[in-house]
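Below is one structure; the comments refer to it alone.
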Amino acid sequence: MFEHHQTYQRMYKEGELTLGLHIPLENFQSNTPTMANQVELAQAAEGYGFTTLWLRDVILEDPQFGDPAVGQIYDSLIFGTHLLSQTKQIAIGTSALVLPLRHPLRMAKEVATIEALFPERFIMGISSGDRRADFKGLGVVHSSRGSQFREAFSYLEKALYENYPRIDSSYGHIEQATLVPKLKNRIPTMVTGFAQQDLDWLGQNGDGWMYYPQGPMRQLEAITAWRESADRQNHTEFRPFSMPMHLDLAEDPDEEATPIRLGFRIGRNKLIELIEVYKTIGVNHLFFALFDSDRPAGEVIHELGEYVLPHFPPHRISL
């Protein structure tokens, strides 16, 4: 399906793994990110060969959530577009746009516009959302987010990819009208987490799956179950698996892995070995969040770019 999609081909290949980074590129830990030097760091990441920069979809700061809960401060699609305008090849991905909190027609307009302005540089991760403050602020019932996700997903797919679709939904109605700009190609769409759905729904829908960080053996169980669900739906084509990892890169390159929140503190040599394990179990793209690092983000990006990324480079594009 994505044989001619440049970002997809750089990122995803069966049996292989590439690397990305999570915005903000900053070690803010439990504080609010400053968002300083994000463009310069994104440009540096692009130069090393990181394939994708990932952004979260968060509206409100909620001290009750247990982390700064502010994403990258700025709206993911607006700030992502800014980063695209300041770089040449690196893609942006969303991890993930919360469908129940975004009207699917407005969202279709926004992502179609990004695709038209920056062709093949956008990976659309979607989710049902989990931040109650955002749901309450928008007057959306949190407990209904599973059914809302399915309805919004159906509306979004029709609006983006059907010409003059007939849509009759609680979100609105379309008849004898069609979305512009028109997409030339499908935007790779990755479901994040379970989105309040079951495995068979995941196996039927979405162009790939993104799941939360786990140790390799637990992640292997999740990947195996997902791929088996795809087989039950007669989906035999390759569909990639992506995951984030919080990273505190130790100065000692041989420091063994120590678990931290959603990831590891680890030296670069042991990190290479760990990534090889994730590659072996079926992870196709892994992106680092540097939020909990003890070292400045620029320093970590440089070390990853010099010593780790050459082992997991972007795939060559043969278009």
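Check region 104-121 and report whether any residue there is of a type outside the set (Phe, Trp, Tyr) and in contact with an Asp or Glu (Cβ under 7 Å, 6 or more places away or on another chain).
Scanning region 104-121, I find no residue that is of a type outside the set (Phe, Trp, Tyr) and in contact with an Asp or Glu (Cβ under 7 Å, 6 or more places away or on another chain), so the answer is no.
Quick one: would you say residue 87 is touching an Asp or Glu at 6+ places or on another chain (Cβ under 9 Å), without any contact (Cβ under 8 Å) to a residue 12 or more places away in the chain and of a type in the set (Ser, Thr, Tyr)?
Against the criterion (touching an Asp or Glu at 6+ places or on another chain (Cβ under 9 Å), without any contact (Cβ under 8 Å) to a residue 12 or more places away in the chain and of a type in the set (Ser, Thr, Tyr)), residue 87 does not qualify.
Considering only residues that are open to solvent by less than 20 Å² (accessible area, probe 1.4 Å) and of a type in the set (A, V, I, L, M, F, W, C), which ones fall in region 247-277?
Residues satisfying the conditions are 247, 249, 250, 266, 271, 275.
Please state which of the following conditions residue 204 fails to meet, knowing it meets all the rest: (1) in contact with a Pro (Cβ under 8 Å, 6 or more places away or on another chain); (2) over 26 Å from residue 263 (Cβ atoms).
Here residue 204 clears every test but (1).
Show the residue pairs meeting these rules: Cβ distance below 8 Å; 6+ apart or different chains; first residue within region 243-254 and part of a strand (DSSP E or B); second residue surrounded by 15 or more Cβ atoms within 10 Å (Cβ to Cβ) and among the acidic types (Asp, Glu).
246/292; 247/292; 248/292; 249/303
Any residue in region 190-207 that is modelled with pLDDT of 95 or more, of a type outside the set (S, T, N, Q) and over 21 Å from the mean Cα position of the chain (by Cα)?
No, region 190-207 contains no residue that is modelled with pLDDT of 95 or more, of a type outside the set (S, T, N, Q) and over 21 Å from the mean Cα position of the chain (by Cα).
Go through (1) more than 21 Å from residue 59 (Cβ to Cβ); (2) surrounded by 14 or more Cβ atoms within 10 Å (Cβ to Cβ); (3) touching a strand residue (DSSP E or B) at 6+ places or on another chain (Cβ under 7 Å); (4) of a type outside the set (Val, Ile, Thr) one by one and return the number of the condition residue 173 breaks.
(2)
Restricting attention to region 176-224, which residues are open to solvent by 30 Å² or more (accessible area, probe 1.4 Å), in a loop (DSSP other than H, G, I, E, B) and farther than 27 Å from residue 91 by Cα?
176, 177, 178, 196, 198
Among the residues of region 133-170, write down those that are of a type in the set (Gly, Ala, Ser) and either open to solvent by 70 Å² or more (accessible area, probe 1.4 Å) or not in a helix (DSSP H, G or I) (or both).
Residues satisfying the conditions are 139, 143, 169, 170.
Are any of the residues in region 278-296 under 20 Å from residue 43 (Cα atoms) and out of contact with any strand residue (DSSP E or B) (no Cβ under 9 Å at 6 or more places or on another chain)?
yes
Please go through region 278-292 and pick out each residue that is over 16 Å from residue 20 (Cβ atoms), modelled with pLDDT of 95 or more and either among the basic types (Lys, Arg) or surrounded by 15 or more Cβ atoms within 10 Å (Cβ to Cβ) (or both).
281, 282
Please enumerate the residues belonging to region 306-319 that are open to solvent by 10 Å² or more (accessible area, probe 1.4 Å), out of contact with any Pro (no Cβ under 9 Å at 6 or more places or on another chain) and not basic (Lys, Arg).
Scanning region 306-319 gives 306, 310, 311, 313, 314, 315, 317, 318, 319.
Could you list, in sequence order, the residues of region 268-319 that are part of a helix (DSSP H, G or I), hydrophobic (A, V, I, L, M, F, W, C) and farther than 27 Å from residue 38 by Cα?
Within region 268-319, 274, 277, 281 qualify.
I'd like the full set of residues that are charged (D, E, K, R), farther than 18 Å from residue 185 by Cα and touching a Pro at 6+ places or on another chain (Cβ under 6 Å), limited to region 130-174.
145
Against the condition closer than 27 Å to residue 7 by Cβ, of a type in the set (D, E, K, R) and surrounded by 15 or more Cβ atoms within 10 Å (Cβ to Cβ), how does residue 227 come out, does it pass?
Against the criterion (closer than 27 Å to residue 7 by Cβ, of a type in the set (D, E, K, R) and surrounded by 15 or more Cβ atoms within 10 Å (Cβ to Cβ)), residue 227 qualifies.
The values are calculated or read from the model by the stated rules, or taken from the named source; none is laboratory data. Keep in mind that this is a model prediction, so the values were computed, not measured. Neighbour counts are summed over all protein chains in view; Cβ atoms, including those assigned to glycine, are modelled from backbone coordinates with ideal geometry. The accessibility values were calculated without ligands, DNA or RNA, using every heavy atom of the protein model including side chains. Shrake-Rupley method; radii C 1.70, N 1.55, O 1.52, S 1.80 Å.
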